[in-house]
Each structure stands twice: as C-alpha cells, then as structure tokens.
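Colleague: Following this message is one structure expressed as structure tokens.
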Ligand code: NAD
C-alpha cells in the first residue's frame, strides 16, 4: 500500500488517507485505484467499522487522474480504455452503494469525503460518489471538473452524477467550460455539501450519526426527477436543444470532447443510472481514442508542464530574480512590471519622463482595482504589489537589479542608449533582456558590454493575460542568461519556450504568414466571409482579418516595409501589401481606428465586414472550396513551423506545439502544428502542400525535412518526440 492508507479508529470510523509518495499533489493511477478498492472492501466487510471518511494527507485533496496513465491506457486500444474506465465506475459505485441492500436500500455504511483543499477531476468525481462532501474553509482551493480543457470530459461518473445532482442547466458551466469554484461557491452551486474548519472531524461526526436514508442518492429513488427536466420534458427539451446549438457554436464542431459529453449526458438522461455510466464510459473511450484528445493532453498538459518545470533549462545554479529593472513604461513595460511585482519581485520601472513612468505604474493600479471589484484581490494585496514598484526616470535606482527587461521603442539606437545607461549601474553579473519583437538579438547585443549576459525575453500583449513567453538565445547568449530567463518566467507563472535568434523568432514568424494569407485571398477576390469562417471552422480563435484589425493595420504596414527592406529581392508579399496599404491609405487602421477589414460602431464594437472590400477587390466568380481555404490558412502556419525546426530556430517540437497554442491560438484541438501534421501523416501533408504550391506559390513548397519524413514514413513525435532533439 503506498497511495492510500487506512486507520480504523476506536470510534468505528475508518479514515482512508490519500497521500501519493513523492508528489506535491495526489493524482490517481490505476494501482492507486486498486489500493482504494481493497481498502473499501476491507472497511465494508469489517463489522467494527461504522462509517468511512476519505481524505488526503496533503494540503489539497487531488489534482485529478494521472494523465500520463490515460496516455498509456490509450496505447492498449479502445477495449483497454473502456475496461479501465469501467473498473473506476465499479469502484465508485461500490462507494456510492456502500454495501446497502439494493431492494430495501438499508444496511449500507456511510462514507464521507473530507477535502482539505483543491479537488479536481477524479479528485471531485470520487467525493461525488460518497454520501456527503465536507470541504475546508480554504478560499484558495479549487473545486471542479476541468477535463474539457485538455480535450476530454469527466469520465469516472462525474458527468452522470453532476447532471443528475444539479440538472443540465446548472451543470453546464462546470462540465462544458471546466469552471472551477472555491469551496464556498462550490457549496452555493450544490456541488459539495458543507464548508467547515475541520473537514475530517465534521465528516467523522456525520458518518457516526448518518441514517440509512442519508445514504440513498436522489437518483436511486423511484420518484427521482432530473432537476430542470430530462430531455423529453418541456423544460428539459429547451435546455438540451439550446445546449446542442451553443456547444456547436462555441466549438465549431472541431472539439470532439464537448460533443461527446453532450451525447453522454443526453443519452444517459434517458436510461437508468448504471446504464448511463456505461454510456459515459463508451463516449469517454471514443474521445480518448480520438487523436485530438491525445494531442491536447500532450501539449496542453504534459508538455506544457514539462516546459514550465524547465525541461530545456541549461545546468546553472538557481537564478531566481529578486529585483528587476523594466526600461520603458509603455504598453509592454507596464504589463511586465505588473506581472513581476505580482509575483513578489521588486520592480524599478523607468521611462524618460516621470509622468510616463507613473502612467506605467498606474496600469498595475487599474488591474488591481479591477481585481478588488471582483473580490479576487484585497486592499492589502494591492498595497503590497504597488509597494514593490518604483516608477522613476533615474537610472541609479537600477542598482542591485539582477535582471533588466528593456521595453522601450522599437528603435536600435534608443535601445542601445538605454542598454549602456543601465549597464553602467547594474551589477556585473546581472542579465540584460530585451523585449524586442522584430530586431535581431545579436545586433542589439552589440550595444552590450556583456553579450553573453544579453538575451531576448519576448512577451505577448496583453502581458498579464498571455501565458507564453518566448526566450531568444542570441548567438553569444550564455547558458546562465537562459537559465535566468527561464527562472524569471517560472516566477511569474508563465510558460516559456526557448528559441534561437532569427527573423520574427518563432510565434510571429508563423502568425504573420497566416494573416498575410487571409489578406492575400481578399486581394484575389475570395469572399472575406469565407476566409474568416474557414479559419474559425478549423478552430482558429480569430480569423486572419479580425486578427490584423486587432493588432492594427499600421503595424502590419510597418512590418511589411521593414521586412521588404531587409529581404530585398527575396520579398514575395507584394500582393498582400497592395491590400493592406490601401486600407492604410483609407485610414482604416483596425479596431483602434474603429475601421479596418471590419466596420465598428462608435463604442468600438465589431460589426460586419467592411462593404468596401467588395468594391476595391472584385469578388471572383469562382469561389474556392471551404477546405482549400482552410488548407491554405493552416499549411501556411504549419509549414513555417517546420521550417523553423529545420533551420534550428526551434530545437524542440514540444515548444513548437505548446508555443503555437499559447502564443497565437493555433487550433488547440490539434495539439499544435506538429501534432496536426502528425494527424495528417507526413505523406498526405506533402501531397496537399505540393498541390497548394502548384496552385498558389512556393510558400507552400514542403520543406526537405517534411519530404524526407514522408519518404521514411516518419511522424514528428515519432522522430523528435519526448526529449529535446534537434532536426
Ligand atoms: P510603447 O510605445 O507603448 O512603449 C515604449 C515606452 O518606452 C514609452 O513609454 C516610451 O516613453 C519609453 N521610452 C522610449 N524611449 C525611452 C528611453 N530612452 N528611456 C526610457 N524610456 C523610453 O511600446 P510597446 O508596445 O510597449 O513596445 C515596447 C517594446 O516591446 C518594443 O521593442 C516592441 O517591439 C516590443 N513588443 C511589443 C509588443 C506589442 O504587442 N506592443 C509585443 C511584444 C514586444
């Protein structure tokens, strides 16, 4: 016995404690489930045991199923998945029925769950099977079923139990959005029963006085009716019909888990509880066997976590940041100052005027005030965070900074000037990072006296919301600078990828072609609605035209001009420029100007696509097929990712996939561009790319790496997966 242990007290209560050795959070493995099963058998059979309390030996109850175990289960095929899931159903059903006589519904032993903190996934499905759930009064604890976020759904009875407990309408945000609540809110939502100071003591007291009737779940009673109505009641009909439309609208049909969840709920609602569990298990198996869920689990959970833990961190002593200097208090600098101070780091925020520096600091005030109005932040916390930020024009205040993040204007001479000024003050071993989005790190490092301590730390806007940070290693950047950047990103709780120095690094390198392809199609006379919808139906969060409106047309023009100047004859986006320059000439600079590819109302709310598109670029008589537009939009990104790998800008496909989803929202259901190409298979990908290249140009020509892989029947994860391995 390792994960679960049991202590039988003189009071007749058996306390089962979940405490997985060597882990900070409990996760359930199949071995663990087997141990729990034996303990439950033992306690139910032991006459001296009157009731059972299941709790945790850690500060939290459990983080969920061990997703690595699910990935392994999948390798055994659908029957293995189904059998594995059914074995969990049997265990939880045993807990729920607790040895009672099913006819008389008497004679069972009360079982309660005592949650000291967070309870997620199976960590909530297990309590849901008990007869009463007690949670500690711990506002930091999260209670919920977040499975949908990684492309699966609660498959150990959570779906079936929650629907029967709360009804479809109330359970929808918990199941379909993976909404997590603190204990008080979870009680309010009817998910748990009590919030107390000492959940184990309360649970023990409860099991000792529970009656037979307390053990009978509502759905075990003949008179049971689903709250809000089952599908074939007037109320239920409306809910289920609306849910199907809503889910399809939100997922565009590309996320198999949401649809399967709805099917499990709908079909399960028409039958008895045990049959509903079998239905849930079948749909869960269906989803787990879909390549999308495997890819999502791999990128959004396993690899994301590995990168956050420093999978690609070079050997170096702890480089945790104590005091950071942020140069430039504009949009990016203000955000970087906030996330740093919020993570407990002392910040010196510098701008060229005191007014600009103060404005940068007030950005943090705004975010914290919003947090206070939502009751997520206290006045003390606000004072603490703001107290860590010194807004000034005085470079002398940078003394003692162990990291500088420079975010001044995108101008090499301005950047060189502030680099020299800061280096004159900061300790000799401090690391200097630039947040440039377009300038080569190697060039900017020339202004530094210590180029091995010079690095790129590229944030995305808005800094407080975007989870990805791209770390750029210049040619001369040393390992300690990379370790420092990674330790900093970890402190501010974001996800890092480490890439080598090349034009646009990784994320922008892939997203710009996506935007350009959409704009190019407008110039060709493709219906812009088709372009936007094709993107969304592939699972892209924003169509390319909406995206460029958000980032602004003038930025696009600026980047196009700079790229053309740098590339000379090799530049091949003139057809894109004719469209975007025309918009700029018309003053349609995007959402901020309330006019771009879309029209906006006075409040800046997006209306329809601009009618002038059709007037400027005549609609072609022959419109392309939806899939052709989709392939253009997807391949133009994915092939660029392959080139980044081939050229050594990316050195780890895990970073390529995680970075694509977090950085620019690359269709998350695919698990990222490499995951998507693996789903297609290299051979089919080459075939499709060749066809696109013949019709639309060389930008679609398959890179040699992809061709070689197709010839050898290789996949990206087969060849480069698991560990860091360069192309
Ligand atoms: P911004 O114009 O909002 O802010 C720049 C700030 O730097 C201004 O407050 C300005 O007063 C200050 N500044 C200029 N010269 C200075 C000097 N000599 N000393 C001190 N302060 C000075 O620009 P931004 O959007 O925050 O971008 C800053 C950097 O971040 C740029 O390198 C940009 O490429 C990069 N970046 C921007 C984005 C984005 O989405 N905006 C994303 C990633 C990276």
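No lab work stands behind these numbers, since they all come straight from the coordinates. Just so we're clear, the structure is a prediction, and the values are computed from it rather than from any experiment. Glycine gets a Cβ as well: all are built from the backbone with ideal geometry, and neighbour counts include every protein chain shown.
Colleague: What are the extents of the Cα atoms of region 597-649 along their three principal axes, listed from largest to smallest and rounded to whole Å?
Modeller: Extents along the principal axes, in whole Å: 46, 34, 18.
Colleague: Here is a further query. Counting DSSP beta bridges in the chain, what percent are antiparallel, to the nearest 5? Don't skip to the end; give the middle numbers.
Modeller: On the way: 15 of 62 bridges.
Antiparallel: roughly 25 percent of the beta bridges in the chain.
Colleague: With a 10 Å Cβ neighbour count serving as the proxy for reagent exposure, in which order, fewest first, do 622, 198 appear?
Modeller: Values: 622 6, 198 14.
Exposure proxy ranking, most exposed first: 622, 198.
Colleague: Arrange 617, 669, 206 by Cβ neighbour counts within 10 Å, fewest through most, would you? Can you show the working numbers first?
Modeller: Details: 617 18, 669 25, 206 22.
Least to most surrounded, the residues fall as 617, 206, 669.
Colleague: Okay, helix-only estimate at 222 nm for the chain: each DSSP H run of n ≥ 4 adds -39500 (n - 2.57), divide by all residues, round to 500 deg cm²/dmol; what do you get?
Modeller: Details: 31 runs with 356 residues, N = 727.
Here the helix-only value at 222 nm equals -15000 deg cm²/dmol.
Colleague: In which sequence would 222, 165 go, from the one with the fewest C-beta neighbours within 10 Å to the one with the most? Could the numbers behind the result be given before it?
Modeller: On the way: 222 4, 165 17.
Lowest count first: 222, 165.
Colleague: Kirkwood Rh over alpha-carbon pairs of the chain, then Stokes-Einstein at 37 °C and 0.692 mPa s: what D in µm² s⁻¹, rounded to an integer?
Modeller: On the way: Rh = 28.1 Å.
Estimated diffusion coefficient is 117 µm²/s.
Colleague: If we sort 415-427, 281-293, 333-345 on the protection proxy, mean other Cβ atoms within 10 Å, highest first, what's the order? Show your work: numbers first, answer last.
Modeller: Working: 415-427: 17.4, 281-293: 22.5, 333-345: 24.5.
The peptides rank, most packed first, as 333-345, 281-293, 415-427.
Colleague: Here's a follow-up. How many angstrom separate the Cα center of region 659-727 from the Cα center of region 93-151?
Modeller: 43
Colleague: Continuing with this model, one more query. From zero outward in steps of 10 Å, how is the percent of C-alpha pairs of region 323-501 spread across the bins?
Modeller: Here the calculated profile for region 323-501 is 11, 42, 36, 10, 2.
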